[in-house]
Amino acid sequence: MWVFAGCAARRPPEMPVDVEAEAFSPSGDSAVPDAWWTVFDDAGLDQVVNEALGNNFDVQAAFARLRAAEAVVRQARAPLAPQVAAFADGFASTADTDLQQPDIEIGVQASYEVDLWGRLRSQLRSDAAQRDATRADAEAAALSLTAAVARTWIAIAATREQLALLDEQLVANHRQIVYITEKLSAEAAARLQRLRIK
């Protein structure tokens with residue numbers, strides 16, 4: 001038996017959002033764009049992220065491994081298609097007469113390896129799975145780097161905003177001190193004046 005106690009939950013206030021709601025799917029099924037940080041529409045952030053991606057050796061190495069894995073898949077796929085080669089050969093033959101007649105041989109050669117036991121297809125599936133894993137590693141490295149850069153950029157921007165607010169608060173506090181000091185000085189002068197009159 002369940003017993004529920006307490007008051008009804010209140011809805012939290014809705015917070016203003018700068019990014020349009022249409023940019024996100026309610027179910028979360030839509031794919032995230034590769035350059036996800038561009039939704040912030042900050043040219044400085046775009047530049048810093050692009051520099052980080054271009055200068056990070058770990059990310060570059062991960063994408064180099066991906067290119068190598070893609071080449072292996074292409075190489076594994078090649079034997080599954082017929083191999084066609086064209087050739088041309090020419091030579092001159094001499095007969096009993098003084099005339100030379102050129103002989104030209106032109107041909108096309110085709111070969112095909114029958115994948116009777118499925119060895120080639122199994123190798124292709126294995127190489128494709130390795131390529132997919134390598135792609136996931138490269139994308140994870142890039143995502144981790146861009147997230148770290150964006151997080152740092154946002155933290156710096158927030159710190160600058162806080163510093164600007166503190167500067168404004170210092171100016172307001174200084175004005176208030178000046179106002180209070182002037183008010184106290186005026187009150188003290190008025191009291192001194194009243195004492196002199198008496």
Modelled label-to-label distance, ARG191 and LEU143, 7 Å Cα→beta-carbon offset: nm? 7.0 nm
Can you tell me the order of 46-59, 154-167 when each peptide is scored by its average per-residue count of other Cβ atoms within 10 angstrom, highest first? 46-59, 154-167
Residue span ARG65 to THR181: 0.36 nm per residue of separation minus Cα-Cα distance leaves a gain in nm of 34.7 nm
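None of the figures in this text is laboratory data; all of them are computed from the coordinates on show. Predicted model, so just to flag it, every value in this text is computed and none were measured. Note that each Cβ is placed from the backbone with ideal geometry, even for glycine, and that neighbours are counted across all protein chains shown.
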